[in-house]
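Visitor: Sharing a structure here in structure tokens format.
Read-outs throughout are calculated quantities, based only on the coordinates presented, and are distinct from any laboratory measurement. This is a predicted model, so every value here is computed, not measured. Note that we place each Cβ from the backbone using ideal geometry, even for glycine, and neighbour counts take in every protein chain shown.
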């Protein structure tokens, strides 16, 4: 591995703890991240020339501290908290420090899109260019979101600490929401030509595993890791040779990633063995596990999945959950029962521009022999689809309906 790639690998592995170490000292996450970035740039310049140091992570931490001291002297900063940098050694971050950084990056004061960008930047070690490419947003826009987020946190004087126990459930829920948002954008992109963006999904899984290591007694953390790994296990089978989307029923299950399935099932078992009430991520992981365990589509335990969707409807009621339940009802009670359930959702404005509503309804109409109606519904769904692959698939199905 050449020196530049070594810098990037070390940065990706240790940047979160580096920022956490510096934040603990200066209590300003924005300034700490700036110091860390300075150290990263110095490594990119010096390691190819001078060689990789024996302790790369320690080198970054020491260099960041020195850059901070230089800034203090250059700008004449007299604030006591920054002056501490000149006299104190910066200890490596503890697990608690890294967890505090995650909670700060996902603070409820920030907009959800800013939380995602800040988490990928400070905890995941991604550059603004990488985040922008992942979300199909200009790098300058990502930079503005991150700058605004840092400014908001500084102005509100958000403490670098774990939430109080009474706040922890809500704050943890917000963190998991951000991680799953990142994964979902990788699992089913909402814009662009690519249906799947593996880089985003992999970053989300990495963040989830970090959380699971830091919070081993929280079942929903393990549940989220299980859900992401089980869903990601099907990535290779979700696209055909020409890049077209392949539905679950038609997927070649020999292409499913058995290692990810094994890891996901292990994470799900951890969540269950904690013997605490199961949350929505764990229930969704249990649904994904039913699919993963079935050697063929026909072998799927649809009754178990339907029961799990009933539970999910109680834990996290939403029209999308009810729509997904209707899809399972097709396998249990047939297309007419499923269509009746879908039509009950038709008046919900939240589904008005949701392409999968039309995709599901069109498929059910087709199964009932209502081919003209099915084609119209599928064409409408294609017009709402966010990616080229989904649009093409829906248009192909619409054309086939009237042949």
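Visitor: Highest mean first, how do 208-218, 147-157, 247-257, 30-40 rank when packing is the count of other Cβ atoms within 10 Å averaged over residues?
Guide: Descending packing order for the listed peptides: 30-40, 208-218, 147-157, 247-257.
Visitor: Taking 22 Å as R0, compute the FRET efficiency from the Cβ-Cβ separation of residue 388 and residue 250 and round it to 0.05.
Guide: With a Förster radius of 22 Å, E is 0.70.
Visitor: Under the definition of Cα pairs under 8 Å and six or more residues apart, what whole-number percent is the relative contact order of the chain?
Guide: 11 percent
Visitor: Moving on. What does the helix-only formula give at 222 nm for the chain: each DSSP H stretch with n ≥ 4 adding -39500 (n - 2.57), the total divided by the residues, and the result rounded to the nearest 500 deg cm²/dmol?
Guide: -22500 deg cm²/dmol
Visitor: Give the peptides 108-115, 19-26 in descending order of average Cβ contacts within 10 Å, highest first.
Guide: Most protected by this proxy first, the peptides run 19-26, 108-115.
Visitor: Follow-up. Could you list, bin by bin from short to long, the percent of Cα-Cα pairs of the chain in 10 Å steps?
Guide: Bin by bin from 0 Å, the calculated values are 5, 19, 28, 23, 14, 8, 3, 0.
Visitor: Quick check: residue separation of residue 303 and residue 348 times 0.36 nm, minus the Cα distance between them. What number comes out in nm?
Guide: Stretched out fully, the residue 303 to residue 348 stretch lengthens by 13.6 nm.
Visitor: Which angle from 0 to 90°, rounded to the nearest 10, does the C-alpha axis of helix 319-333 make with the longest principal axis of the chain?
Guide: On a 0 to 90 degree scale, this one is about 40.
Visitor: Go ahead and run the numbers for FRET between residue 55 and residue 129, Cβ-Cβ distance against an R0 of 22 Å, rounding to 0.05.
Guide: About 0.20, to the nearest 0.05.
Visitor: Label segment 318-403 by shape, choosing from rounded, prolate and oblate, from the square roots a ≥ b ≥ c of the eigenvalues of the Cα gyration tensor; if a/c is under 1.5 it is rounded, and otherwise prolate applies when a/b is larger than b/c, oblate when it is not.
Guide: Judged from the Cα gyration tensor, segment 318-403 comes out oblate (a/c at least 1.5, b/c at or above a/b).
Visitor: What spacing in nm lies between the two simple spin-label points modelled at residue 69 and residue 269, each 7 Å away from Cα in the Cβ direction?
Guide: It is 5.1 nm.
Visitor: While we're here: Just the Cα atoms of segment 232-362, one point each, no solvent: what log10 I(q)/I(0) does Debye give at q = 0.13, 0.19 Å⁻¹?
Guide: -0.63, -1.25
Visitor: Follow-up. Could you work out how far apart the two model spin labels at residue 170 and residue 333 are, taking each label as a point 7 Å from the Cα in the direction of the beta carbon, and quote it in nm?
Guide: Reported label-point gap for residue 170 and residue 333 is 3.7 nm.
Visitor: Order of 121-131, 224-234 by packing, highest average Cβ count within 10 Å first?
Guide: By packing density, highest mean first, the sequence is 224-234, 121-131.
Visitor: Expected output is a single nm value to one decimal: the length gained when fully extending between residue 8 and residue 141, i.e. 0.36 nm times separation in residues minus the C-alpha distance. What is it?
Guide: Net length gain for the segment: 45.6 nm.
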